[in-house]
Each structure stands twice: as C-alpha cells, then as structure tokens.
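Reading through the structure tokens given below for one structure.
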Amino acid sequence: MAADPRIFIRKRAAELGFDACRFASASEPWSAGERLALFVGEGRHGEMAWMETTLERRSHPTAMWDGAKSAIVLAMNYGPDQDPRPELEAGSDGYISVYARGDDYHEVIKGRLKILAGQIAARLGQEVKVFVDTAPLMEKPLAARSGMGWQGKHTNLLSRDLGSWFFIGTILTAAELEPDEPVTGGCGSCTACMDACPTNAFPTPYQIDARRCLSYLTIEYGGLWPSEFRAMTGNRIYGCDDCLAACPWNKFAKSAQEMRLQARDNLRSPPLSALLALDDAAFRALFTKSPIKRIGRDRFIRNVLHAAGNSGDHSLIPQVESLLDDPAPVVRGTAIWALRQLDPSRFEHLRRDREGMEGDIAVQAEWRPAVHP
C-alpha cells in the first residue's frame, strides 16, 4: 500500500516554516460563492471593483481552474510579541497594522509555496497552482473547509491552535488528496470582535461592510474620506487590528517565528512628524519590501493627516499647513481637515484667504465647516 502523500506534504511544509498544513476538496459544492455575491450585490465591497469584475471566477475554485481537485491550505503565524492595542493611545505616533510591520507577506509566503508546490508536483505527477491573496480564490472558506479553523463573527479565520494572527497560502492541485474534517465554530455568544470595532463595520455577526472598515478605508479607498470616519480612525494610519486583537482565542497565539515577518523597529509606533515629511522618494525608501508601499505616498500621507488631526499635538501644525499646497488633491483636502481639528482659528483665517482659490471641487468643499464639521 502506497504511503499517504499528505504525510510527506505536511513534513515538508513544517520544514519550510509553515505552522499548519491542512487538506480540503477543491471541487465539491459550497455556499461561499452565494455569500460573496450577496456581499457584492449590496455594495459592501465599496470601491474594490475587482471583486465585482472577478465575481464569477471567485464563486468556486473550479470556476478559476476547472482542473482543481484538492486544496492544500498552509498557515504562517505573524503574531505580535505583545498586545498592540496600547499603541492606539499614543496620539503623536502612528499605528500600523501588525501584519504590515515586516516584509511583504506575499513575497515571503509565495516563495515557500513555490518550493513546496514543486516538490508536490514532482512527487504526485499532477499539476499545481499557488495562491497568496493575489488571485480570485476565496481562501478563507477553503481554509475553513480544511479544518484550519472557522470564520469568526468578524469574518476572519480563527484557529484553536493559532488564534487569529496568521496568513493563509493555498496550493491547488489536480491530485485527489483525502480531505481533513472541518471544525465547528467556537465563537459561541462572544461578540468581543464586534464590540471592539471603532466604526461598527459588522452589521450582523459573520458579515462585514467594508465601506465602514478602517482597513478598507486606509488601504483600498483612494479618495477623501467620508467625514464620519475621520475622528474614528484615531492614530491608525495603515490597517486596523481591533477585531483581531480583541479575540479571546488569541490566548493560544504565538509570536512570529519567521524573521522577515517580525516587526521592524521603525514601524512600531512611528512618529507622525517624521511621516508627514515624506515625499515620494522617501516614502518608497522607508517602505521597501513592505506591503504599505502598494498604496502609494499620497494615500498614506492622507492617513497620517487623519492621525495628526486626531492627535491634539500642536507641534504638527506647521507640517500640516505646509501640506495645504501639496500636489495631490487628496493630501490637500485632508490637510484642511487636520488643520481645522488642530487649530480652528488658523483654519478660519486661511479659509477666508483661500476661499474660491482651489480648483478641485472636493478640496474646495473641505474649507466649508458646515459640510465637514
């Protein structure tokens, strides 16, 4: 009798630094596609147009690759070495989501997956494809099907062994591999994640409205923010960890072992004053090999200006005022809001001087206090 190939795959996965390896059917029916269609149909995806354009391909793994039979789901832990939530109290420093404080996880994990996939293909003689959050594959439902964990009330994956701080990578293969059993959800009556959300982004348990999520707003949303969310963001300048950090299952979480996923010292509570000074070249240099680089300097400075406006730190006023003439409209408009928060009298003085001078309609509206109180 031939040895179970899953034994070899799990062994190699562990040697490559993965913290868990599970197996699921990639061809059996599921309801995840219907849930995604409802999410998009209600507009909860916001400006993420790619979710709508790839909706059919996302509906099921075989809609993207009709030869897929099995999914090999891998987890790599990126947990912090301490609870990051106290950092949200540091008003003059920015808060960067834990996952983005090290190297870009796409590059770290994809390299390991490619090695493992090559070994699996050689061993099984079947085609394989590798995915790390960059293709229209619904990885969280696949991971839940594999028994890696379950999707919690915040819609993220939870594990009894890893908590909530881990990345998911997937290898689809044409080989038939025996699937692992799913696990039953362990959220019970707990609503800690929903209660922790500063913007009430969860309309009901197990559902999210991305348009209200600070991770979406700081990363995916490109324009001037709706006014209601600006004060809610506090000092969060890239992503938000509140719902993850609040989960009681993190008592089982471990800090990241992979060196490239560990936090860089300069991305732990970076001073807002240093970030406001970044031009495009300095931004790119600071965030080399970081996922933050993807959003670009202008969107990032917009986020930093929100934090500056919420900081109460008057020493930031000269830097904020200097950004009133930034080439990017999204920076100019947010600088107006931040100045109004920090120094209303200075804002009013400049408003009278500049009224009617700004050509961009959205930015001009920022000078009107009645529109954005």
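Give all pairs with beta carbons closer than 9 Å in which a residue from the stretch 144-155 that is more than 12 Å from R22 (Cβ to Cβ) and assigned by TED's automatic domain parsing to the domain that holds F23 meets a residue that is of a type in the set (V, I, T) and surrounded by fewer than 19 Cβ atoms within 10 Å (Cβ to Cβ); count only pairs at least 6 apart in sequence or on separate chains.
Hits for this filter: W150/V183; W150/T184; K153/T191; K153/T204.
Could you check the stretch 233-263 and list, in sequence order, the residues that are surrounded by fewer than 18 Cβ atoms within 10 Å (Cβ to Cβ) and not basic (K, R)?
P248, F252, S255, Q257, M259, Q262
Give the residues of the stretch 130-139 that are surrounded by fewer than 18 Cβ atoms within 10 Å (Cβ to Cβ) and either modelled with pLDDT of 95 or more or among the charged types (D, E, K, R) (or both), sorted by residue number.
Result: D133, single match.
Across the stretch 35-60, what is the number of residues that are of a type in the set (D, E, K, R), assigned to a helix (DSSP H, G or I) and under 21 Å from I219 (Cα atoms)?
Residues flagged as of a type in the set (D, E, K, R), assigned to a helix (DSSP H, G or I) and under 21 Å from I219 (Cα atoms) within the stretch 35-60 amount to 1.
Taking the stated definitions as given, is L172 buried (at least 17 other Cβ atoms within 10 Å of the Cβ), within 26 Å of V108 (Cβ to Cβ) and free of Cβ contacts under 8 Å to residues at least 40 places away in the same chain?
No.
Please find, within the stretch 100-123, the residue that is farthest from E139 (Cα to Cα) out of those that are surrounded by 18 or more Cβ atoms within 10 Å (Cβ to Cβ) and among the β-branched types (V, I, T).
This residue is I120.
Being of a type in the set (A, V, I, L, M), assigned to a strand (DSSP E or B), touching a Cys at 6+ places or on another chain (Cβ under 8 Å) and within 28 Å of P291 (Cα to Cα) is the requirement here; does L158 meet it?
yes
Out of I295, I317, I need the residue that is among the aliphatic types (A, V, I, L, M), surrounded by fewer than 22 Cβ atoms within 10 Å (Cβ to Cβ) and within 28 Å of the chain's Cα centre (by Cα). Which one?
When all the criteria are applied, what remains is I295.
Here's the yes/no breakdown for (1) of a type in the set (K, R); (2) touching a residue at least 60 places away in the same chain (Cβ under 8 Å); (3) within 20 Å of I301 (Cβ to Cβ):
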site: W65; (1), (2), (3): no, yes, no
site: L74; (1), (2), (3): no, yes, no
site: Y78; (1), (2), (3): no, yes, no
site: D81; (1), (2), (3): no, yes, no
site: D93; (1), (2), (3): no, yes, yes
site: I96; (1), (2), (3): no, yes, yes
site: R101; (1), (2), (3): yes, yes, yes
site: Y105; (1), (2), (3): no, yes, no
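From A26, A20, grab the single residue that is in contact (Cβ under 8 Å) with a residue 40 or more places away in the chain, out of contact with any helix residue (DSSP H, G or I) (no Cβ under 7 Å at 6 or more places or on another chain), more than 30 Å from L217 (Cα to Cα) and surrounded by 15 or more Cβ atoms within 10 Å (Cβ to Cβ).
Of the residues listed, the single one that is in contact (Cβ under 8 Å) with a residue 40 or more places away in the chain, out of contact with any helix residue (DSSP H, G or I) (no Cβ under 7 Å at 6 or more places or on another chain), more than 30 Å from L217 (Cα to Cα) and surrounded by 15 or more Cβ atoms within 10 Å (Cβ to Cβ) is A20.
Is it true that some residue in the stretch 111-128 is assigned by TED's automatic domain parsing to the domain that holds T218, touching a residue at least 60 places away in the same chain (Cβ under 8 Å), on the phi > 0 side of the Ramachandran plot and in a loop (DSSP other than H, G, I, E, B)?
Scanning the stretch 111-128 turns up no residue that is assigned by TED's automatic domain parsing to the domain that holds T218, touching a residue at least 60 places away in the same chain (Cβ under 8 Å), on the phi > 0 side of the Ramachandran plot and in a loop (DSSP other than H, G, I, E, B).
Inside the stretch 237-335, counting only helices (runs of 4 or more DSSP H) that do not spill past its ends, which hold 3 or more residues that are touching a residue at least 40 places away in the same chain (Cβ under 8 Å), under 24 Å from Q82 (Cβ atoms) and outside the structural domain of S159 (by TED's automatic domain parsing)?
296-311
Determine, yes or no, whether E89 is within 20 Å of the chain's Cα centre (by Cα) and at pLDDT 90 or above.
Judged against the criteria, E89 is not a match.
Quick check on my filter: what residues within the stretch 73-96 are touching a Cys at 6+ places or on another chain (Cβ under 9 Å) and either over 23 Å from T288 (Cβ atoms) or surrounded by fewer than 21 Cβ atoms within 10 Å (Cβ to Cβ) (or both)?
Of everything in the stretch 73-96, those that are touching a Cys at 6+ places or on another chain (Cβ under 9 Å) and either over 23 Å from T288 (Cβ atoms) or surrounded by fewer than 21 Cβ atoms within 10 Å (Cβ to Cβ) (or both) turn out to be V73, L74, A75.
For residues that are of a type in the set (D, E) and more than 23 Å from F167 (Cβ to Cβ), scanning just the stretch 1-55, find the one that is farthest from the chain's Cα centre (by Cα).
For the stretch 1-55, the residue satisfying everything is D4.
Residue under question is A253, and the condition is that it be within 29 Å of V108 (Cβ to Cβ), touching a Leu at 6+ places or on another chain (Cβ under 7 Å) and of a type in the set (A, V, I, L, M); does it hold?
In short, yes.
May I ask you to list the residues in the stretch 167-200 that are in contact with a Ser or Thr (Cβ under 7 Å, 6 or more places away or on another chain) and either in a strand (DSSP E or B) or not assigned by TED's automatic domain parsing to the domain that holds R101 (or both)?
Scanning the stretch 167-200 gives a single hit, T173.
So which residues in the stretch 206-229 are under 26 Å from A71 (Cβ atoms) and assigned to a loop (DSSP other than H, G, I, E, B), if there are any at all?
Residues satisfying the conditions are Y206, Q207, I208.
The values are calculated or read from the model by the stated rules, or taken from the named source; none is laboratory data. Source: prediction; values computed, not measured. Every residue, glycine as well, gets a Cβ built from its backbone with ideal geometry; the counts of neighbours run over all protein chains shown.
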